[in-house]
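FYI, it's all coordinate maths here, none of it is from the lab. Remember, it's a predicted structure, so these values are computed and weren't measured experimentally. For neighbour counting, all protein chains shown are included, and Cβ atoms are generated from backbone atoms with ideal geometry for every residue, glycine included.
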Amino acid sequence: MTLVSGLSSALGRGELQLHFQPQIDLPAGGVYGAEALLRWHSPELGAVPPDVFIPVAEANGLIVPIGRWVLEEAIKQAKHWVDRGCQEFVVSVNLSAIQLRDAELAEQVAGLLDRYGLPSHNLCLEITESTAIADVETSYQICKALGEMGVKLAIDDFGTGYSSLAVLGRFPFDFIKIDRSLVRDIATNKKDLAVIRSVVALARDLGLQVVAEGVETAEQHEMLRGLGCHEGQGYLYGRPMSRDDMDAYLQRKG
Ligand code: G
Ligand code: G
Ligand code: MN
Ligand code: NA
């Protein structure tokens, strides 16, 4: 079986699953929300990582039905957590460049929020700059419409070389997600620390919140909190987990 043939039947065969990784409110200490991360377990190919199958899905158009499924599942699940008492819980969904070329995306999101009764502020969409610049004008219009609906927007993987200051100022982002490559060595690398400090200052001037990714140690946590990062995500708080495990996590920590 090839990746493409496997992937084209994966949705119908129920082989795709969303996992959720908790995001922590750094000043307050509680759970702020969770990022939805797609998982594919193929009976023939085993567990295929998203870095491998998402580019394939993007190349052959399968990302359109898959992306729609991800949005629906994430919204359904967010509604479940909101109803269970996490009223401000925010579920974040990664968007592909292909989805941001479809002028109907904002309507599709509005339709799903309406169908499941999820307030728009409980959903965040994550966009990388490489995603946004595929077609700047269309992506900008879609992001503007989503922002006006009250959906939150994050620029993902900030600091990886794909993200630029021009896009930050222009798009209606609410969050900057600092890439884990910048977080990894902050305890020993003064330059990385200086970059993060500047990103926090920039974010403050632009009225954005900063999410630090890849937080693995208590030392990184303390430093990032001290620097004024608003949210943290990483193995220190929890790995991506099934929705049942996330339920249990929220019972313990929510
Ligand atoms: O979960 P993991 O760290 O393996 O994810 C690897 C990459 O796959 C990340 O860059 C993440 O943004 C991307 N990814 C995970 N789930 C989705 C999804 O539902 N849609 C898109 N477009 N990308 C995803
Ligand atoms: O969308 P994005 O590229 O930010 O995807 C997040 C990816 O980072 C996921 O693949 C997730 O499994 C991974 N990840 C999340 N937390 C950590 C961490 O603390 N350390 C490492 N190495 N990877 C992480
Ligand atoms: Mn992401
Ligand atoms: Na990232």
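If we count other beta carbons within 10 Å of each Cβ, what is the order of M1, M246, fewest first? Intermediate values should be presented prior to the final figure.
On the way: M1 11, M246 23.
Least to most surrounded, the residues fall as M1, M246.
Amide H of V90 versus every other amide H placed in the peptide plane: which residues, excluding those fewer than 5 positions away on the same chain, fall under 5 Å?
Long-range HN contacts for V90: G33, A34.
May I ask for the angle, rounded to the nearest 10°, between helix 105-116 and the longest principal axis of the chain, with both axes built from Cα atoms and the value confined to 0 to 90°?
80
How many angstrom lie between the Cα centre of the range 144-170 and the Cα centre of the range 207-254?
Between the Cα centres of the range 144-170 and the range 207-254 lies a distance of 20 Å.
What ranking of T217, T2 emerges when the number of other C-beta atoms within 10 Å of each C-beta is taken as an exposure proxy, fewest first?
Details: T217 15, T2 10.
Arranged by neighbour count, lowest to highest, T217, T2 become T2, T217.
Return H41, H221 ranked ascending by Cβ neighbour count within 10 Å, so the fewest neighbours appear first.
H41, H221
Quick one: dipole size for the chain, taken about the Cα centre, charges +1 on Lys/Arg Cβ and -1 on Asp/Glu Cβ, in debye to the nearest 20.
360
Relative contact order of the range 3-249, please, whole-number percent, based on alpha carbon pairs below 8 angstrom and at least 6 residues apart.
Numbers: 413 pairs, mean separation 48.8, N = 247.
Relative contact order for the range 3-249 comes out at 20 percent.
Just going by the charge dipole of the chain, with Lys and Arg at +1 and Asp and Glu at -1 on Cβ, which of L206, T188, M241 is farthest out on the positive end?
Looking along the dipole axis, the top candidate is T188.
Give me the angle, in degrees from 0 to 90, between the Cα long axis of helix 50-59 and the longest principal axis of the Cα atoms of the chain, rounded to the nearest 10.
50
With n ≥ 4 as the cut-off for DSSP H runs, can you work out [θ] at 222 nm for the chain, using -39500 (n - 2.57) per run divided by the number of residues, rounded to the nearest 500?
Mean residue ellipticity, 222 nm, calculated: -14000 deg cm²/dmol.
Pick out, in residue order, every one of the GluC sites (Glu not before Pro) in the range 5-47 that is DSSP loop and has at most 16 other C-beta atoms within 10 Å; say none if there are none.
E44
So what's the angle, to the nearest 10 degrees on a 0 to 90 scale, between helix 218-227 and the longest Cα principal axis of the chain?
Compared with the principal axis, the helix lies near 70 degrees.
What do you get for Rg/Rh over the chain if you use C-alpha atoms and the Kirkwood form of Rh?
0.95
Taking K and R as +1 and D and E as -1, what net charge do the other residues with C-beta under 10 Å from the C-beta of D185 add up to? Could you put the intermediate results ahead of the total?
On the way: positive: R184, K190, K191; negative: D192.
The answer is +2.
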